[in-house]
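Comments concern the structure below.
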Amino acid sequence: MTPQWGYEYAPLHCDHVAHNTAKKGTVAMSIGIVSYGAYIPYNRLRRSEIVRALGQGTVRGMRSVASYDEDATSMGVEAARRALKVAKVPIESLYFATATPPYMDKANAAAMVPALGLPARVFAADMCASVRSGIAALRVAAEGKEPALVVLSDIRTGMPGGSDESEGGDGAAAFVFGEGSGVIAELLSRSAATEEFLGRWRIPGEQSSRLWEERFGEQVYLSLVEDAFIDATKSAGITTDQVHNVIVTGLHSRAVRRARSIIGGPPPADDLIQEVGNTGTAHPGILLAATLDEAEPDQVVALVVLSDGVDVLLFRTTNAISGYRGSIAVADQLSSYSDIMSYTTFLSWRGILHREPPRRPNPAGPAAPPALRNQAWKFGFEGSRCQGCGTRHMPPQRVCQHCGEVDQMAGERLADIKGTVATFTVDHLAYSLSPPIIVAVIDFDGGGRFECELTDVDPSSVSIGDRVEMTFRRLFTADGTHNYFWKARPLQEVK
Amino acid sequence: MSSRGICDKVAVVGMGCTRFAEHWGKSVDDLLVEAFAEALQSAAISKEEVDAFWLGTMMSGYSGMTLSRPLKIDHKPVTRVENYCATGSEAFRNACYAVASGAYDVAMAIGVEKLKDSGFSGLHGTVPPADGTAAQLAAPAMFSLLAPAYSKRYGIDEDQMKEVLTRIAWKNHYNGARNVRAQFRGEVSKETIRCSPVVAGSLGIYDCSGVADGAAAAIVVRAEDARRYTEHPIYVKALSFVAGPGTGPTDPAYSYTSFTEVVASAEDAYAQAGIVDPRAEIAMAEVHDCFTVTELVLMEDLRFAERGAAWKEVLAGTYDLQGDLPVNPDGGLKSFGHPIGASGLRMLFECWLQLRSEAPEERRIGTIARGKKLALTQNLGGAPGEAVSFVSIVGTEPSR
């Protein structure tokens, strides 16, 4: 069914929020997930490429790789766009969780507000640093009193040749929490156990994590998992055999495997390690999205996350899920990728292998006042349309290029408008972390033209007439400043 | 648009032009001093006889003092102008207007650019602080957008297009090989051009103009005074400059097969000079061949070929030294490189030589002997769809 949320803010009734009177561990039944989206970057590194370069490691499978122009924020925006496309809820809060925040001090979530076309009154904040931030953001939103957007995103790598590098993955997932008949999965209960121990840690600025001996962490996690799971099921008033799906995840793969067998329940679904790798903070979200893609009404889904303790969330799908039409399913993203990248490209993209720059001036970082003045354009890809003659302008203009009327413009968000390549070039001279760059002149459906970079594309495959869609990217980083803007990529049709 | 022009009101009576090269041993000041001195000598006048100066430079210096300091110009008006790659032409245009207005008797237009001190290849410049959303394209990439659009529109396959562009580079290097002032003074084989490494789109290194330092200068006086300075002045028939609205990259109606700004400035110039059929009436043209594909498109925008037919004319040799309408007989930007402030005046310098039959035998064009008396310069700045364009027409006769 179509979610019943409109753009207009619908006041919430107090009786929908029962936290104060609820039994410990249970939550108000009417709050839940109304929509979601997962984003797995287009590029994959075959693990055999690492073996070929370093002569060690596992040859099976591949890992997803955030492109040179992606980071946790930009991937988070892509996942959130997918979630918001399905249910346009009047978001009040945005919680962004990642262990690889592009900025410190500055709220990374702030860029997401204009990028997603959300109003400034949205409370947007980061839950950063630890992998556990992901489940924290889900809990906070699920227990909140207002519609909220949760974004989980991460870029995982480690020392060359290590298992964090080969088993890691990059990706993002987003969930919109709300209430009412649009809820497709409601939170039944949750439980937690927290333990302070040196299992996995990283000092700010370091690129790879440090790990204690694997068997030590395994013992810590396994001592907590059974009680936490029983706590959650008891609070929900169900037994393990009533749980239809058990998702167990965490970066400690050995503990995850053992925990899964301790909990029992139905046979586990694909953990995506072979196709995507472990996306850390985002992984619980991507696995939950993949489960919801397949779920039927009235199924209980347990999400168990091992990270500095054990967290359990129990969801129950509603009848609304049978009519839910999501954005691109996780399974579709598993079959749509490019795996031609080399290990050295991967190392360059992650900043581990420093290549000689072109003999050209480095690009200047964005200046703060113009970036703020042009925020709707830069972050929200909002052009303008002449109210006199209907001509679209990108970037927005004050004087119409067609009829010459002055200040007769209305803003128009164009991020979701598709376009067609009018002409293009492959530039071998321009500065890029991954030369050459491809620039196309794009004519947008319904009017408007813009010249911009193409990404996630093979230079030899571009031709005039190609269909493209817009994607939020980090163009480059200069002078310690990330330059976010939009690029076009070949259209990935939603099935 | 009312553009009356100043046809036959002013004339060029002296010119100077340095060799264009990687002048590691010469500064901006050195280049200015040399072009300045040669222009004065050519007109047989002294520095004191020049009443006002227009200096064109895009990024080699600011204000009139860039010229007055090295030349020790004593409390006279020196105006520094900039208009992208048409900067040199803009200096000339303003000097002409100053003389035509009666404000001054003798004016100098001088252009200079020192590109090779930056340590970078290609053009570069500082841009005002911005929001970071502008596409980071190098110049070859911007102009390479023309090639696939032209090919598709006129049904030319990739190999044919490569042959056409190669022919343009080959011709300009052939001409430049016969010019002591050119940066590149050797002929280049079509095979070498065709197989040169790709820079952007279908453009290889030999489809791009070079990067050089240089300076050029012209002395402008009232037409009636011209013969006091030289037996063979060249008279200014037309000066047209337009800045486009920059809407090509934002308007789906723009085709990427034409420079609308060039069409506008050319038609304005033809009207000023009373030219009806440029292809038949003009003896030669110096055009802005920053890239081979640019020259191809310019042939149509200047009405030197029918729409969609320039590629055939190129292959037929129409624009060769002995063709119907020689284009870039001095070797063009292809052989000279493009020191931005100087290029427009360097183009005029070749008109000066050819119209006065002073060009060396080995690159002398055939149309002068056949009685044609008009030459055209066309200077372009910006990129396809968002450009400034300058067109001038000069001739040997004071009135037609």
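The values are calculated or read from the model by the stated rules, or taken from the named source; none is laboratory data. Worth saying up front: this structure is predicted, and the values here are computed from it rather than measured. Here the Cβ is made from the backbone with ideal geometry for all residues, glycine too, and neighbour counts use every protein chain on show.
Things to note:
- If you go through segment A:429-442 and keep only what is within 8 Å of chain B (Cβ to nearest Cβ) and part of a strand (DSSP E or B), you end up with A:I437, A:V439, A:V441.
- Number of residues in segment B:185-208 that are hydrophobic (A, V, I, L, M, F, W, C), assigned to a strand (DSSP E or B) and in contact with a Pro (Cβ under 7 Å, 6 or more places away or on another chain) equals 4.
- The requirement of being within 11 Å of the chain's Cα centre (by Cα) and under 23 Å from B:E267 (Cα atoms) is not satisfied by B:M299.
- Given (1) within 14 Å of another protein chain (Cβ to nearest Cβ); (2) touching a Phe, Trp or Tyr at 6+ places or on another chain (Cβ under 9 Å), number of the condition B:M59 does not satisfy: (2)
- Test for A:I230: is it in a loop (DSSP other than H, G, I, E, B) and modelled with pLDDT of 95 or more: no
- Counting the residues of segment A:391-414 that are within 10 Å of chain B (Cβ to nearest Cβ) and touching a helix residue (DSSP H, G or I) at 6+ places or on another chain (Cβ under 7 Å) gives 4.
- Picking from residues in segment A:443-459 that are over 18 Å from B:A200 (Cβ atoms) and more than 9 Å from chain B (Cβ to nearest Cβ), the one that is surrounded by the most Cβ atoms within 10 Å (Cβ to Cβ) is A:D456.
Residue-by-condition table, conditions (1) on the phi > 0 side of the Ramachandran plot; (2) crowded, with 24+ Cβ neighbours inside 10 Å; (3) not in a loop (DSSP other than H, G, I, E, B):
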site	(1), (2), (3)
A:S261	no, no, yes
A:G265	yes, no, no
A:P268	no, no, no
A:Q274	no, no, no
A:P284	no, yes, yes
A:A289	no, yes, yes
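- Selection within segment B:216-249 - under 19 Å from B:S389 (Cβ atoms), out of contact with any helix residue (DSSP H, G or I) (no Cβ under 6 Å at 6 or more places or on another chain) and buried (at least 23 other Cβ atoms within 10 Å of the Cβ): B:G248
- Some residue of segment B:158-178 being over 16 Å from B:K334 (Cα atoms) and either in a loop (DSSP other than H, G, I, E, B) or within 8 Å of chain A (Cβ to nearest Cβ) (or both): no
- Of all residues making up segment B:135-157, the number that are of a type in the set (A, V, I, L, M), facing chain A (nearest Cβ under 9 Å) and assigned to a loop (DSSP other than H, G, I, E, B): 4
Residues are listed down the side, and each one gets a yes or a no for (1) among the hydrophobic types (A, V, I, L, M, F, W, C); (2) assigned to a strand (DSSP E or B); (3) within 14 Å of chain A (Cβ to nearest Cβ):
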| position | (1), (2), (3) |
| --- | --- |
| B:Q183 | no, no, no |
| B:G210 | no, no, no |
| B:A217 | yes, yes, no |
| B:A226 | yes, no, no |
| B:A238 | yes, yes, no |
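- Taking segment B:102-148 as the range and being of a type in the set (S, T, Y) and more than 29 Å from A:D479 (Cα to Cα) as the test, the residues that pass are B:Y104, B:S144.
- Every condition in (1) out of contact with any Cys (no Cβ under 7 Å at 6 or more places or on another chain); (2) in contact (Cβ under 8 Å) with a residue 12 or more places away in the chain; (3) over 22 Å from B:S202 (Cα atoms) holds for B:V276 except the one numbered (2).
- Residue in segment A:331-338 that is in the same structural domain as A:G237 (by TED's automatic domain parsing), at pLDDT 95 or above, more than 26 Å from A:S64 (Cβ to Cβ) and crowded, with 20+ Cβ neighbours inside 10 Å present: no
- First in segment A:458-472 and in contact (Cβ under 8 Å) with a residue 24 or more places away in the chain, second anywhere and part of a helix (DSSP H, G or I), Cβ under 7 Å, 6 or more apart: A:I464/B:P148; A:I464/B:K152; A:T471/A:E78; A:F472/A:S74; A:F472/A:V77; A:F472/A:E78; A:F472/A:A115
- Residue within segment A:470-493 that is surrounded by 22 or more Cβ atoms within 10 Å (Cβ to Cβ), farther than 20 Å from A:I328 by Cβ, more than 9 Å from chain B (Cβ to nearest Cβ) and aliphatic (A, V, I, L, M) present: no
- Test for A:V89: is it touching a residue at least 40 places away in the same chain (Cβ under 8 Å), buried (at least 24 other Cβ atoms within 10 Å of the Cβ), in the same structural domain as A:G285 (by TED's automatic domain parsing) and part of a loop (DSSP other than H, G, I, E, B): yes
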